[in-house]
Structures are given as structure tokens and as C-alpha cells.
Amino acid sequence: MIEDRLILLGRIVGLYGVQGWVRLESWTEPRMQIFSYQPWLLKTASAEREFRGSHGREQGKGIVAQLPGVADRDEAAAWIGAEIRVRRSVLPRPNKDEYYWVDLEGLAVVTVDGAGLGTVSHLIATGANDVLFVVDGEKERLIPFVTGPFVKEVDFEARRIVVDWDPEF
């Protein structure tokens, strides 16, 4: 179920001070929005923990955060490298014709004529537009995620995206 999926929002990249604060890399827009989505589910190779009520501020060119229950530098050091994930259900509903990439991943992609092209493995952002990576066995297609000319329909009920795309390309 989409609502249960974990969404990667950032990463802990270092320490700040001696009272257990950490430096963050946030992939939300704007970057301070990461604090609006809670609880955080942090995972490293040796530990996994849920943090509720993490807060922080901008510090220089970066962001620093205090993890609840982490009171000193040594405790905080254990979380360096941890990915910050949240449940999909804590994110706001997207507006009409807006999508979270994670919701598109795994959808089947078919042409307007019904030819199957594969499934969305992931997306990337380019300067011009986002791009769907569509994988079908050994073949990988890069399809611009541009509504109108290329993307004709996103149907979550049917779990598919309909595109105007040449299957030979």
C-alpha cells in the first residue's frame, strides 16, 4: 500500500556541538520542510529507531537538528550516515496533476495503442523536465514526464501510466 511506504527525505551527515545536535542534508523543498514530516525513521547498519518531535534550524549554509532523547555528541555520532525516512501517509496530498515520484515507481507504462513498455523503476530531474526510467527486462527506456505531449494519463486505480511513445524507441 502506498500510504505505508517509507519515503527518503534526507540524511544525517555530521555532528554539531556537544549537546547531541546533528547536521542534516534535506531533500525537501524548501529544505526546512523536513521538520514538518514526523516521525522520522532513522536507520544505520547497526541501529533503527523512530524519532518524534525532532526540531532544528538553519546554521550557516546547512541545517542542524536535535533528535529527541539524544543528549550528547557520542550518542549523536551513532546516527551519522543514517537516512531520514517518513511514512508516505504523513506527506500532504499532492494537488491535481502533481505526483510524488514514489507513487509513480512500480506503475506499468503502456502506449496509447496499448503496447506495454515496462514499469517505472525510478525518475530523475533534469533541467528541462523529469524523466521516467521504464524497464522491461533488459530494455530501459527514458521517457520525459511531460503531461500532454508524452504523458497522457496517470491512473493509480489501474496502476499504469499511458504515454504517447514509440515502442521501438
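The values are calculated or read from the model by the stated rules, or taken from the named source; none is laboratory data. This structure is a prediction, so every number in the text was calculated from the model and none was measured. Backbone-built Cβ (ideal geometry, glycine too); neighbour counts: all protein chains shown.
Annotations
- Filter result for the condition that a residue is in contact (Cβ under 8 Å) with a residue 60 or more places away in the chain and in a loop (DSSP other than H, G, I, E, B), over G81, G114, G127, G106: G81
- Residue within the range 134-146 that is aromatic (F, W, Y), surrounded by fewer than 16 Cβ atoms within 10 Å (Cβ to Cβ) and in contact (Cβ under 8 Å) with a residue 12 or more places away in the chain present: no
- Subset of the range 69-78 (residues that are outside any helix (DSSP H, G or I) and surrounded by 14 or more Cβ atoms within 10 Å (Cβ to Cβ)): V70, A78
- Residue that is farthest from P68 (Cα to Cα) [pool: residues in the range 1-16 that are surrounded by 14 or more Cβ atoms within 10 Å (Cβ to Cβ) and out of contact with any Asp or Glu (no Cβ under 9 Å at 6 or more places or on another chain)]: I7
- If the condition is being of a type outside the set (D, E, K, R), in a loop (DSSP other than H, G, I, E, B) and surrounded by 10 or more Cβ atoms within 10 Å (Cβ to Cβ), then the range 150-169 contributes F150, F156, A158, W165, P167.
- Within the range 39-56, tally of residues that are touching a strand residue (DSSP E or B) at 6+ places or on another chain (Cβ under 7 Å) and in contact (Cβ under 8 Å) with a residue 12 or more places away in the chain: 9
- Near pairs, Cβ below 7 angstrom, 6+ apart or cross-chain, from the range 147-169 (at positive phi and assigned by TED's automatic domain parsing to the domain that holds E105) to any residue that is surrounded by 15 or more Cβ atoms within 10 Å (Cβ to Cβ) and outside any strand (DSSP E or B): R159/L107
- Enumeration of residues in the range 20-42 that are surrounded by fewer than 19 Cβ atoms within 10 Å (Cβ to Cβ), under 17 Å from W79 (Cα atoms) and either charged (D, E, K, R) or not assigned by TED's automatic domain parsing to the domain that holds A82 (or both): E25
- Contact map, the range 22-38: first residue over 19 Å from G60 (Cβ atoms), second residue surrounded by fewer than 19 Cβ atoms within 10 Å (Cβ to Cβ) and among the hydrophobic types (A, V, I, L, M, F, W, C), Cβ cut-off under 6 Å, separation 6 or more or different chains; pairs are Y37/V90.
- When P94 is tested against the conditions (1) in contact with a Phe, Trp or Tyr (Cβ under 9 Å, 6 or more places away or on another chain); (2) assigned to a loop (DSSP other than H, G, I, E, B); (3) in contact (Cβ under 8 Å) with a residue 12 or more places away in the chain; (4) closer than 30 Å to Q38 by Cβ, the lone failure is (3).
- Any hit, the range 43-65, residues being outside the structural domain of H122 (by TED's automatic domain parsing), over 14 Å from the mean Cα position of the chain (by Cα), under 30 Å from V154 (Cβ atoms) and modelled with pLDDT of 95 or more: no
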